[in-house]
Number of protein chains: 2
Amino acid sequence: MLYEVKNYEPVYPIRTAAKLLNISVHTLRMYEKEGLILPFKKSTHHRLYSKSDIDKINCIRAAINESKISINGIKAIYSMMPCWEVIHCPIENRNKCNGFLNHSEPCWAAKGNESACTSNECRNCTVYKDYGDCGSIKNFIRTKLSSL
Amino acid sequence: MLYEVKNYEPVYPIRTAAKLLNISVHTLRMYEKEGLILPFKKSTHHRLYSKSDIDKINCIRAAINESKISINGIKAIYSMMPCWEVIHCPIENRNKCNGFLNHSEPCWAAKGNESACTSNECRNCTVYKDYGDCGSIKNFIRTKLSSL
DNA sequence: TAAAGTTGGTATTTATAAATATCAACTTTT
DNA sequence: AAAAGTTGATATTTATAAATACCAACTTTA
């Protein structure tokens, strides 16, 4: 099995994830309620976290604790990601899509989404998986604009 | 005289600006020290604020007080602005320029800047003047990418 | 010349975000 | 059957960002 695939596999129950991150179970649920993360949910509603989830949450915690960016600040930064240029959704749907229009929440948390995107599982989307910090988002914008 | 020109004219001394904004003089200096604003400085080092500065600062205060985004969060959001696509600086200079590379401060506050941009007065630059919030920055990215 | 400005510093207050800790009623896991 | 999970509250603690208020020594404005 490829390392990357293993990386994304939901394996850690919430208590284990909390221990790995050295935070409380409640804090993990809080991040989720805020729309920062999307842990895998079993049919029984139990959460499972992947290694990639742990990395992403460590990144969020660094933003909060080291960079002193508030949760609402992180949400606003995530909202800057040009998701439509990643998933290449139908142009005619974009003006109904909060991922395209909104600038206060990550696309995967934005409500009222009517674009083609809704049919997908956000957790498995590369926008969610691969753009977890300011650096990678700005890098995407930089690279994309350089092809102009 | 055109309204827009008048809008950018530095006319209010710091105490007047503070009164207009209903904040303290010290807070205004703090925003400046953080790199959020660039008031006009007379040869005598005295600050003067324009109507446009007041609007920008009101926008910053809304981000802090209503949107609950911390100052470091605002700085990170400003840093997402693709300034190089606005001023069309020489491509060969961009890899030395923190406005292009950095993702924690607004371009006008980023140190070690060696691009063509340094020769300009940031305060008079459209990047500083016209992109003071998440919405206008994301809109710029959206519009620019749509020409791909 | 009095009032308002400057830089640079420190100290304190205030507000609140972030995190933890509860609780109840219930379901799933092992 | 015990341990761990769920949702959905509320309440409290802790940490710290944001803002205010000082200080000194000095310059500029009006």
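The residues of the range A:28-52 that are without any contact (Cβ under 8 Å) to a residue 24 or more places away in the chain and within 11 Å of DNA strand D (Cβ to nearest atom), listed by number, are A:29, A:30, A:32, A:33, A:41, A:42, A:44, A:45. Checking each residue in the range A:65-84 for being surrounded by 19 or more Cβ atoms within 10 Å (Cβ to Cβ) and assigned to a helix (DSSP H, G or I) picks out A:71, A:73, A:74, A:75, A:76, A:77, A:78, A:84.
Considering the range A:24-45, and only residues there that are surrounded by fewer than 16 Cβ atoms within 10 Å (Cβ to Cβ) and touching a helix residue (DSSP H, G or I) at 6+ places or on another chain (Cβ under 8 Å), the residue that is nearest to residue A:109 (Cα to Cα) turns out to be A:29.
Let's see how each residue does on (1) within 11 Å of DNA strand C (Cβ to nearest atom); (2) away from chain B (no Cβ under 14 Å); (3) modelled with pLDDT under 90; (4) closer than 15 Å to residue A:129 by Cα:
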{"site": "A:23", "(1), (2), (3), (4)": "yes, yes, no, no"}
{"site": "A:27", "(1), (2), (3), (4)": "yes, yes, no, no"}
{"site": "A:43", "(1), (2), (3), (4)": "yes, yes, yes, no"}
{"site": "A:46", "(1), (2), (3), (4)": "yes, yes, yes, no"}
{"site": "A:60", "(1), (2), (3), (4)": "yes, no, no, yes"}
{"site": "A:63", "(1), (2), (3), (4)": "yes, no, no, no"}
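Against the list (1) within 14 Å of chain B (Cβ to nearest Cβ); (2) touching a helix residue (DSSP H, G or I) at 6+ places or on another chain (Cβ under 7 Å); (3) free of Cβ contacts under 8 Å to residues at least 40 places away in the same chain, the condition residue A:117 fails is (1).
Quick check: is even one residue across the range B:108-116 at pLDDT 90 or above and away from DNA strand C (no atom under 16 Å from the Cβ)? Looking through the range B:108-116, at least one residue is at pLDDT 90 or above and away from DNA strand C (no atom under 16 Å from the Cβ). Can you find even one residue in the range A:14-23 that is surrounded by fewer than 20 Cβ atoms within 10 Å (Cβ to Cβ), away from DNA strand D (no atom under 12 Å from the Cβ) and closer than 19 Å to residue A:125 by Cβ? Within the range A:14-23, none of the residues are surrounded by fewer than 20 Cβ atoms within 10 Å (Cβ to Cβ), away from DNA strand D (no atom under 12 Å from the Cβ) and closer than 19 Å to residue A:125 by Cβ. Filtering the range A:30-64 to residues that are of a type outside the set (D, E, K, R) and in a helix (DSSP H, G or I) leaves A:30, A:31, A:52, A:54, A:57, A:58, A:59, A:60, A:62, A:63, A:64.
The values are calculated or read from the model by the stated rules, or taken from the named source; none is laboratory data. In this text, all values refer to a predicted model and were calculated from it rather than measured experimentally. FYI the Cβ positions are ideal-geometry reconstructions off the backbone, even for glycines, and counts take in every protein chain you see.
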